[in-house]
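Accompanying notes for the structure given below.
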Amino acid sequence: MHHYQCEKCGTTIKNATTPNAQGCPKSFPHKWHKLGPVGDRNYQCSKCGTVIGTNATPSAHGCPNGFPHKWSKL
């Protein structure tokens with residue numbers, strides 16, 4: 001399983017294969033970006049939904065929904 005994030009709308013899902021392109025609320029089709037294996041260096045902010053992949057604990061700075069980001073490991 002891998003996490004995928006749509007570069008257009010920010011939707012994040014986990015799937016064994018590349019997800020379906022239908023249903024992007026921003027603009028058809030979804031544009032999926034593979035983040036990495038589930039639980040492997042992927043973090044999501046519970047405030048804004050941003051997902052990043054990093055080897056270190058992500059920075060709390062820059063959350064558009066108010067400082068700080070609240071990261072949790074996916």
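The values are calculated or read from the model by the stated rules, or taken from the named source; none is laboratory data. Remember, it's a predicted structure, so these values are computed and weren't measured experimentally. Neighbour counts run over all protein chains shown; Cβ positions are idealised from the backbone, glycine included.
Scanning the range 63-74 for residues that are free of Cβ contacts under 8 Å to residues at least 60 places away in the same chain, in a loop (DSSP other than H, G, I, E, B) and surrounded by 12 or more Cβ atoms within 10 Å (Cβ to Cβ) yields Cys63, Asn65, Pro68, His69, Lys70.
Can you say whether Thr11 is surrounded by 13 or more Cβ atoms within 10 Å (Cβ to Cβ), of a type in the set (Val, Ile, Thr) and without any contact (Cβ under 8 Å) to a residue 40 or more places away in the chain, as far as the supplied structure shows? So Thr11 fits the description; yes.
Whether any residue in the range 53-62 is at pLDDT below 80 and part of a strand (DSSP E or B) is what I want to check. Yes, that holds for at least one residue.
Scoring Ile13 on the criteria (1) part of a loop (DSSP other than H, G, I, E, B); (2) touching a strand residue (DSSP E or B) at 6+ places or on another chain (Cβ under 9 Å) leaves a single failure, condition (1). Would you mind telling me which numbered condition in (1) among the aromatic types (Phe, Trp, Tyr); (2) part of a loop (DSSP other than H, G, I, E, B); (3) at pLDDT 80 or above Tyr43 fails? Failed condition: (2).
Residues checked against (1) surrounded by 15 or more Cβ atoms within 10 Å (Cβ to Cβ); (2) more than 8 Å from the chain's Cα centre (by Cα):
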site: Gln5; (1), (2): yes, no
site: Thr17; (1), (2): no, yes
site: Trp32; (1), (2): yes, yes
site: Cys45; (1), (2): yes, yes
site: Ile52; (1), (2): yes, no
